[in-house]
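As structure tokens, the structure follows; a few thoughts come after it.
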Amino acid sequence: MKLVNHLILRITLFFAIVMIFWSAIYFFLQMKEIHDGNDEGLTNLKQEFIAKANKIPEFIEKLEKNAPLNIIIKEIDFEEAETLVEHFTTQQIYFATELEEEEVRMLTTAFRCELTGKYYLLQFFTSTVESDDLMKNMLYLLLGLWITLSLTIFIISKIIISKANKPFYKLLDELKKFRIDNRQMIDFPKTNVNEYAQLNKSIKELLERNIDIFNEQKIFIENTTHELQTPLATIIAKMEMLIEKHQNDKKYTKEIAGVLNILNRMKRLNSNLLLLSKIKNNQFPETSPVNLREILDSVIADFEDLAAYKEISIEKEGNYCPKLQINKDLAYILFSNLIKNAIAHNHQKGKIIICCSSDYITIANSGNEVPVNVFIRYQNAATDKKSSGLGLSIVKSIADLYQLKITYSYNEMHIFRIDVKR
């Protein structure tokens, strides 16, 4: 979920909770205000009734005969009048004219008529707003208010937060495009927000330090590998001379041959490290449309003798192989390392199947399953003394350089798949 939506949802949820509590309080306060108004009117009616009953003879008898709609009069004894406590209630009373019950606010009290000395139960009531109808109407009004306010808050918050976070998202886009091997600083967005300004400053310092470290490592690797090439070549040449000079001494030549194998492996490792460094630093800028079928045929021809030595059959499937905008030398290195790997990690009398299509190329070879991440450097060097452990790492670096997806899987055969359709 995006940061803007996350913030807006939290704000809206908090607002909704506040509105629900506020609406409940508002409803109860409104009902209390309505009841207080009705109760005050009933109290005034009671006081007026008592005043007239105590002054006008036969006032109560006339009211009983006329049966007013909002007063109930009933004669009671002293004991009942003494125990009765004046109170207000909300009740349902049936009105014949309406043919239904309606909600009324009722005052129940007792009084003694001064003219007659009799005690009466008095009930005064008045129609009030029905709580169900009031609740329903208020709910509709509040729901409309909630929706309107929620949409308003959502839209305004989105506009404000999105505008405030523009520098942040622009910085994210710049960081996604940043490549340390380009050695080019990103374009930092201008902002008046202190936190974003500090973020820009911190990231700029971090990137500058990493670029400097990368450049130092690049120069160090290049210089080291170049400097090692000459002494390694010299030592290997001298070792070969010693073998020729002492070829009759089998024990001596065997020991020198062992040292020579180690030196040759160091030379290959050094060359591969230099190549890997150049690939990572994008030092192969020249590209051209390369026919991958021609590259594959050339690589297969170069490894035919080695495959024949292990009695490995190479099968080709699919007639179409696409052209790819790539450095030709790197394309050759990529497929050369894959074919070499397929031969090296194969059974005697095994097979290699190369399949070409418009979207992908697969190179599969027989062999035992290897439970490792094959693209990690030096992963396979421990099991093969002739391997530098960098072949597949170089393959992955070339694929990454040209944004080609390469995957490895095992299903009775080792399968390397290169998706050439981007």
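When restricted to residues that are surrounded by 14 or more Cβ atoms within 10 Å (Cβ to Cβ) and of a type in the set (Gly, Ala, Ser), the range 237-256 contains 0.
Going residue by residue through the range 117-127, is there one that turns out to be in the same structural domain as residue 51 (by TED's automatic domain parsing), over 17 Å from residue 34 (Cα atoms) and modelled with pLDDT under 75? No: the range 117-127 contains no residue that is in the same structural domain as residue 51 (by TED's automatic domain parsing), over 17 Å from residue 34 (Cα atoms) and modelled with pLDDT under 75. Within the range 288-318, the residues that satisfy the criterion of being in a loop (DSSP other than H, G, I, E, B) and either over 42 Å from the mean Cα position of the chain (by Cα) or outside the structural domain of residue 343 (by TED's automatic domain parsing) (or both) are 303, 310, 311, 312.
Pairs linking a residue in the range 5-21 that is more than 24 Å from residue 139 (Cβ to Cβ) to a residue that is of a type in the set (Gly, Ala, Ser), with Cβ atoms under 8 Å and 6 or more positions apart or on different chains, are 7/157; 8/157.
Identify, from the list 224, 234, the residue that is assigned to a helix (DSSP H, G or I), modelled with pLDDT under 75 and surrounded by fewer than 16 Cβ atoms within 10 Å (Cβ to Cβ). Reasoning before the result, please.
Numbers: 234 fails: modelled with pLDDT under 75.
The match here is 224.
Here residue 321 meets each of (1) crowded, with 17+ Cβ neighbours inside 10 Å; (2) assigned to a helix (DSSP H, G or I) with one exception, condition (2).
Consider residue 187 carefully, then state whether it is touching a helix residue (DSSP H, G or I) at 6+ places or on another chain (Cβ under 9 Å), more than 30 Å from residue 274 (Cβ to Cβ) and without any contact (Cβ under 8 Å) to a residue 24 or more places away in the chain.
Details: touching a helix residue (DSSP H, G or I) at 6+ places or on another chain (Cβ under 9 Å): yes; more than 30 Å from residue 274 (Cβ to Cβ): yes; without any contact (Cβ under 8 Å) to a residue 24 or more places away in the chain: yes.
Here the answer is yes, as residue 187 does meet what is asked.
The values are calculated or read from the model by the stated rules, or taken from the named source; none is laboratory data. As the structure is a prediction and not an experimental result, all values here were calculated from the model. So basically every Cβ, Gly included, is an ideal-geometry build from the backbone, and we count neighbours across all protein chains shown.
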